[in-house]
């Protein structure tokens with residue numbers, strides 16, 4: 001049993017990556033697999049609680065008021081456990097946003113997208129907890145050197161994920177430069193939406209996104 005490899009500018013698709021992980025697990029002895037899987041599941045569940053709690057804190061309190069102690073309390077884990085997984089605030093909040101990026105990319109790749117809704121799906125990536133948590137990091141990173149350094153690899157991954165997801169959504173209807181411009185457009189719309197009502201934002205998107213698509217889409 002093989003896997004379908006789709007090479008893009010930054011590597012191999014998610015289905016192949018998951019297949020390779022699965023292959024390594026199932027080739028181990030059965031008793032070791034049970035022990036390893038239990039340990040892996042426990043660790044993954046613990047990390048997931050911490051990452052979910054970090055996102056909630058970023059969205060609810062903002063970066064400045066978010067603390068590792070508060071995140072540990074939200075997650076229901078000890079301070080020692082939190083420090084074992086994430087020794088610094090920067091590593092925890094950056095990992096939390098990266099965790100959301102992975103989830104959002106998976107949603108984009110599994111979405112049923114027709115030709116007319118691709119731009120709407122991409123714009124939706126800049127909304128909800130993922131966008132607000134990321135926005136907190138962007139603003140704080142401007143004056144926090146440690147957070148800025150920790151965020152650079154994350155931003156690189158976000159860019160790769162957006163390029164990958166956009167390639168799946170638009171195919172050859174958008175060239176690479178158009179995809180980059182489109183990402184910047186929807187990111188800017190998402191930031192300025194902070195100062196619009198949901199109704200006004202929906203009306204603006206309904207007017208601007210089709211106009212943009214009609215100008216740049218290859219026929």
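The values are calculated or read from the model by the stated rules, or taken from the named source; none is laboratory data. Since the structure is predicted, the reported quantities are computational estimates derived from the model, not experimental observations. Note: ideal-geometry Cβ built from the backbone for every residue, glycine included; neighbour counts use all protein chains shown.
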>> For the structure I just gave you, tell me whether residue 110 is surrounded by fewer than 20 Cβ atoms within 10 Å (Cβ to Cβ), without any contact (Cβ under 8 Å) to a residue 24 or more places away in the chain and more than 20 Å from residue 191 (Cα to Cα).
In response: yes
>> Just to be sure I understand, how many residues within the stretch 108-126 are at pLDDT 75 or above, farther than 15 Å from residue 202 by Cβ and part of a helix (DSSP H, G or I)?
In response: 3
>> I'd like to check something: does the stretch 167-175 contain any residue that is closer than 23 Å to residue 102 by Cα, in contact with a strand residue (DSSP E or B) (Cβ under 8 Å, 6 or more places away or on another chain) and part of a helix (DSSP H, G or I)?
In response: yes
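For every residue, the table says whether it meets (1) surrounded by 18 or more Cβ atoms within 10 Å (Cβ to Cβ); (2) at pLDDT below 90; (3) touching a strand residue (DSSP E or B) at 6+ places or on another chain (Cβ under 8 Å); (4) more than 24 Å from residue 157 (Cα to Cα).
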residue: 13; (1), (2), (3), (4): no, yes, no, no
residue: 28; (1), (2), (3), (4): no, yes, no, yes
residue: 41; (1), (2), (3), (4): no, yes, no, yes
residue: 62; (1), (2), (3), (4): no, no, no, no
>> For the stretch 74-95, give me the residue count where each residue is part of a helix (DSSP H, G or I) and either closer than 17 Å to residue 156 by Cα or in contact (Cβ under 8 Å) with a residue 12 or more places away in the chain (or both).
In response: 13
>> If I filter the stretch 177-191 down to residues being surrounded by 11 or more Cβ atoms within 10 Å (Cβ to Cβ) and free of Cβ contacts under 8 Å to residues at least 40 places away in the same chain, which single residue comes out as farthest from residue 130 (Cα to Cα)?
In response: 178
> What do you reckon, is residue 131 farther than 19 Å from residue 98 by Cβ, in contact with a helix residue (DSSP H, G or I) (Cβ under 6 Å, 6 or more places away or on another chain) and assigned to a helix (DSSP H, G or I)?
Replying inline: no
>> in contact (Cβ under 8 Å) with a residue 60 or more places away in the chain and either touching a helix residue (DSSP H, G or I) at 6+ places or on another chain (Cβ under 9 Å) or surrounded by fewer than 17 Cβ atoms within 10 Å (Cβ to Cβ) (or both): which single residue out of 161, 141 fits that description?
In response: 161
> Inside the stretch 48-73, can you point out the residues that are more than 21 Å from residue 128 (Cβ to Cβ) and in a helix (DSSP H, G or I)?
Replying inline: 68, 69, 70, 72, 73
> With 136, 98 as the choices, which residue is touching a residue at least 40 places away in the same chain (Cβ under 8 Å), surrounded by 15 or more Cβ atoms within 10 Å (Cβ to Cβ) and either assigned to a loop (DSSP other than H, G, I, E, B) or more than 12 Å from the chain's Cα centre (by Cα) (or both)?
Replying inline: 136
